[in-house]
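K.L.:
Below: one structure in structure tokens.
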Amino acid sequence: MKFDATSYLRKRLLELKPYQSARQEFVSNGESMIFLDANESPYETDLNRYPDPLQLELKALIGKWKGVRVEQLYLSNGSDEFISQVIMGCCEPEKEAIMIAPPTFGMYKVAAALHGVRVCEVPLTPNYELDVDALLDKADETVKILFIANPNNPTANAFKPEALTRILDHFPGLIVIDEAYSEFHDAPSYISQLDKYPNLLVCQTFSKAQGLAGARLGIAYGYPDLISFFNRIKAPYNINTLTLSTAIQKIDKQEVVKNQVKLIIEERKRLEDAFSTIECIQKCYPSDANFLLIQVDDAALRYKQLIDKGIVVRNTSKYLHCENTLRITVGLPEENQALIKAFQSLNSIK
């Protein structure tokens, strides 16, 4: 049976006639042209022309890199933009909902609120695993999208493949697997499952392992009809020229990225070993990401003490099942050594 992408999308937006930028009306044949179509400045500055609204050069490189077709790719101004776009494009305000499994990335809930969309929460178990039975039980016809961060933020763990497979096999709406930290996790990307599950969307980012957080570039992968819809409702020039150029250069430097990831994983293990000997750290949770979640005796106190020593971490105690926890990014070796030394200098609470 053919997949009907329109059943997942807002009917009103399906009828939307998208804004067509001047540059989209022209298809280059490779010849040098005089551009008088977009009211740009004619004075060359390297940035006086609008960027490619379809981002075809970068998409072609990503497609070859990731083994997907260009029509399966959506590029966003950070993953945050894609999260917002998929909620806006699929959920009727005040009528429909997204589903999340807290504790998880906070932007899913924020984006839903911005678009007037309900949030159905099905908490992780206390040991940070997906409650698959509860997720499927609560997935009624109003729940349009399930967001799963894998590896998860702030808990740092990747979920069991068998749990994700059950969800993919049975969840009736769209499933967004957010792989922001996938480079740090030794497991295949769910991009490989796109052909099997047309209701699956996978998003990744250049912000973490790729080292381009300041460039703001996210990638979403999915069924071509879904991706085509999201490209229709996006801003015409949502990715700027500087970001496109920087990402194109980064794709050619993946050996450097692999070596950096290898070192971060080694340093992650060194921090785990050191934390096991520090009295105020009660638990260090297993990590599949570039950060660690630790439980301490008093998170507010330890957070302030580290600030006083010039080290900024994240107090994650407000999250469900995360009382008295700190989230700590793995830094450079010398930064990690300074962190260990700072912790070792803290007195335990009597």
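K.L.:
Given H placed on each backbone N at 1.01 Å, which residues far from Gly116 in sequence or on other chains put an amide H within less than 5 Å of it?
P.N.:
Close amide H contacts, sequence-distant or interchain: none at all.
K.L.:
Follow-up question, since we're still on this one. Setting aside same-chain residues fewer than 8 positions from Lys109, which aspartates and glutamates have a Cα under 15 Å from its Cα?
P.N.:
Asp80, Glu81, Glu94, Glu96, Glu121, Asp178
K.L.:
Could you rank the peptides 286-294, 249-257 by their average count of other C-beta atoms within 10 Å per residue, with the highest value first?
P.N.:
The most tightly packed comes first, giving 286-294, 249-257.
K.L.:
Still on this structure, I have one more. For the chain, what is the calculated [θ] at 222 nm in deg cm²/dmol (nearest 500), taking -39500 (n - 2.57) for each run of four or more DSSP H residues and dividing by its residue count?
P.N.:
It comes out at -10000 deg cm²/dmol, rounded to the nearest 500.
K.L.:
Under a Cβ-only charge scheme (Lys and Arg +1, Asp and Glu -1), can you give me the dipole magnitude of the chain about the Cα centre, in debye to the nearest 20?
P.N.:
It works out to roughly 320 debye.
K.L.:
Now for a separate question. Among the lysines, which fall within straight-line cross-link reach of Lys64, defined as a Cα-Cα distance under 17 Å, with same-chain neighbours fewer than 8 residues apart omitted?
P.N.:
Straight-line reach from Lys64, under 17 Å: Lys250, Lys253.
K.L.:
For the chain, give me the percentage of DSSP beta bridges that are antiparallel, rounded to the nearest 5 percent.
P.N.:
Counting only bridges with both partners in the chain, antiparallel ones make up about 55 percent.
K.L.:
Please report Rg (one decimal) and Dmax (integer) in Å for the Cα set of segment 196-307.
P.N.:
So, for segment 196-307, Rg and Dmax equal 19.5, 55 Å respectively.
K.L.:
Seen from all sides and averaged, what is the projected area of the convex hull of the Cα atoms in segment 17-90, in nm²?
P.N.:
Quarter of the Cα hull surface area: 7.2 nm².
K.L.:
Between segment 158-192 and segment 1-54, how far is it from one alpha carbon centroid to the other, in angstrom?
P.N.:
After rounding, the separation between the Cα centres reads 32 Å.
K.L.:
Still on this structure, please answer the following. Pick out, from Thr125, Phe343, Ile265, the residue whose Cα sits farthest towards the positive end of the charge dipole of the chain, with +1 on the Cβ of Lys and Arg and -1 on the Cβ of Asp and Glu.
P.N.:
Toward the positive end, the furthest listed residue is Phe343.
K.L.:
Relative contact order for the chain: what percent, with Cα pairs under 8 Å and sequence separation of 6 or more?
P.N.:
17
K.L.:
Oh, and also: Which of the pairs Lys258/Lys341; Lys258/Lys309; Lys262/Lys309; Lys11/Lys95 have their Cα atoms more than 23 Å apart in this structure?
P.N.:
Violating the 23 Å limit, Cα to Cα: Lys258/Lys341; Lys258/Lys309; Lys262/Lys309.
K.L.:
Can I ask one more? Show me the ranking of peptides 113-120, 198-205 by mean Cβ neighbours inside 10 Å, starting with the highest.
P.N.:
In descending order of packing, they fall as 198-205, 113-120.
K.L.:
Let me ask another. What length, rounded to one decimal in nm, is gained on full extension from Leu13 through to Glu40, with 0.36 nm per residue of separation minus their alpha-carbon distance?
P.N.:
Residue separation times 0.36 nm, minus the Cα-Cα distance, leaves 6.7 nm.
K.L.:
Tell me, what are the semi-axes, in whole angstrom and largest first, of the equivalent ellipsoid of segment 5-252 as set by the roots of 5 times the Cα gyration tensor eigenvalues?
P.N.:
Each semi-axis is √(5λ); the values are 33, 21, 15 Å.
K.L.:
Moving on. Starting with the fewest neighbours, write out Cys90, Cys280 ranked by other beta-carbon atoms found within 10 Å of each beta-carbon.
P.N.:
In order of increasing Cβ crowding within 10 Å: Cys280, Cys90.
K.L.:
Now for a separate question. Can you tell me what percent of all Cα-Cα pairs in segment 256-350 are more than 21 Å apart?
P.N.:
Across segment 256-350, Cα pairs with separations above 21 Å total 26 percent.
Values quoted throughout were computed directly from the atomic coordinates according to the rules given, and no laboratory measurement underlies them. Just so we're clear, the structure is a prediction, and the values are computed from it rather than from any experiment. Note that each Cβ is placed from the backbone with ideal geometry, even for glycine, and that neighbours are counted across all protein chains shown.
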